[in-house]
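Reading through the structure tokens given below for one structure.
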Amino acid sequence: MAFLMGDWPSYDPQNFSQIRPSDPSAQPSKLTPATYHPTHNRTVPPPNQVITTEARNILLRQIYQKAEDKLRPKRAATDLLTPEHGCKQPRGAFSNDP
Amino acid sequence: MLQVNSVRQFYENFVPSCTIYDIDCPDNSFRKFTDDGKYLISFSRNHQELIVYRPTWLSFSYKGEDCDSDALSQRAKRFDSFFIHLYTVSLATSNEFICKDVFLYLEGLEFGIFATSTAQTHEVPATEGAVNGVQCVEKIVFHLVRLEDGFVLDEKVFCNDFVNLTHSMGVFLHEDLLCIMSLRYQAIHIVQIRDSGNLVDVRIVGTFCREDDELFIGSHIQVTEGQIFLSGIKQRLLSYIFRKHWSEETDQTLRIQHLKKKFYFHFQDYIDLIMWKVQFLDRHHLLIKFGSVDGVVSRTTDQHPSFFAVYNMETTEIISFFQNSTEELYYLYEQFCDHFTASSRSSLHANFISSHSNNIYAFDQLCVVKNRASSFLQFVKKMVTSLPYTCQSQSPSPYFDLSLFRYDEKIESYYPLITILLWMKNYCLWIAALQQI
């Protein structure tokens, strides 16, 4: 194994002694790994894509998700409930009812 | 379960093996090592002074098979061989004392937060805006101290108020934001710690939610005698509960019945709820625990139902509301326990605390407890009492890493000092010097 492992220490010098390189003439440094070239452009990312870490942590995402899930099937009902969210509307004199 | 702390396996080879007793050490009340190992925090016996040491860590080596205490030099039996006294600073005046439970550390800036308090007032006058039934303390002061030299950078004072300082439960630090739960006035104070050492008030959540609420109400509404608005946070809570129950029933006629049963029947109970404890979930979200006035300082939580709300400080909306018996909250805690600690991403140490969400052995222990529980409901309630989390309450020491060691969990709470454990009466438990491996 001298050609690959060099003089690295080993518990047992007989380890790896049976291995023969498959192609004695191929030096590792001369091997270039095969490069993948795509044959189509269906998976090209959009040109303005920016990948960032999600700002909100997973716990909060779960909490928000569950909150949305609870409201979603009943969306029709909640739409009737409140008017447009907007600025605070000042009311007239405060009612005396407890 | 991802094992993120495998690099610390080195500590399996570096473990305590020797104890030296009867060391003469100063008669201080030792509190904690900072997580970065730079300071040992202690207080004077009279709880008025802060005394800080620099640990000099290992300074002795021995070559051989068995190192016992006889082989250690005489220097190993001295306190000042391991600690350099940096300074003693007086934090409390004559009638105040340092609350030794309160110590929060800002790692990057090397700032420490401490609290001093006067004695509890027994005759509590009913004050406008204060909750009846909650204790009162004349003066509580939070001190921001630069640990390098003991300089007191800033203070925040609470007068005639009550903050639960036992086990630091009333404060929570997340990055540079500190939240303080004022129980008496039902207000969450959010304070920012600037690099310059100033404590800056960011907002107060309680009576008002948005910064301009007070101004708006004052300029638009004539509040006459006897008419009291519910606090802003309570308004938000009631609105959320109402809308939630409203949306649960689509049939118009059944809806009113549903609301009567679920909302109006409990209306007064909801009004009577007070905020008990709070933590940050991130810079914008709070997890607030609500309960009854009676349960504020009670240790037994079974009799008192409690509730949890997730509140967004920016939008001032309640996102979720759970009762303590809700399984949903428990499952969030089981799966995402680490996110409840809200540790800063920049802190290396805090991200290595073993929990049932990141460690298979801790999860196994949890499952054992879960399967052994006679009632899942009781189990859920018991687990959820850990929330809101008490920050910096767990040690990130590799010796408490459940992927490396197994230990009795009670040890971690009794002995917060990670490497050198000091007893009360001049004993010193010392971790022996290196053994040649």
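Considering (1) within 14 Å of chain A (Cβ to nearest Cβ); (2) part of a helix (DSSP H, G or I); (3) open to solvent by less than 30 Å² (accessible area, probe 1.4 Å), say which one B:S355 fails and leave the rest.
It fails just one condition, (2).
Between a first residue in segment B:328-350 that is facing chain A (nearest Cβ under 9 Å) and a second residue that is acidic (D, E), which pairs have beta carbons less than 8 Å apart while being 6 or more apart in sequence or on different chains?
Taking only residues 6 or more apart or on different chains, the pairs are B:A342/B:D282.
So if I check each of B:V205, B:V152, B:V145, which one is among the aliphatic types (A, V, I, L, M), over 19 Å from B:F33 (Cα atoms), in contact with a strand residue (DSSP E or B) (Cβ under 8 Å, 6 or more places away or on another chain) and surrounded by 20 or more Cβ atoms within 10 Å (Cβ to Cβ)? Please lay out each step first, then the result.
Details: B:V152 fails: surrounded by 20 or more Cβ atoms within 10 Å (Cβ to Cβ); B:V145 fails: over 19 Å from B:F33 (Cα atoms).
Sole residue among the options that is among the aliphatic types (A, V, I, L, M), over 19 Å from B:F33 (Cα atoms), in contact with a strand residue (DSSP E or B) (Cβ under 8 Å, 6 or more places away or on another chain) and surrounded by 20 or more Cβ atoms within 10 Å (Cβ to Cβ): B:V205.
The values are calculated or read from the model by the stated rules, or taken from the named source; none is laboratory data. Owing to the predicted nature of the structure, the values given are computational and were not obtained by experimental measurement. When we count neighbours, we look across all protein chains shown, and the Cβ atoms used for this are built from the backbone with ideal geometry, even at glycine. Accessible surface is based on the protein model in full, side chains and every heavy atom, while ligands, DNA and RNA are left aside. Shrake-Rupley method; radii C 1.70, N 1.55, O 1.52, S 1.80 Å.
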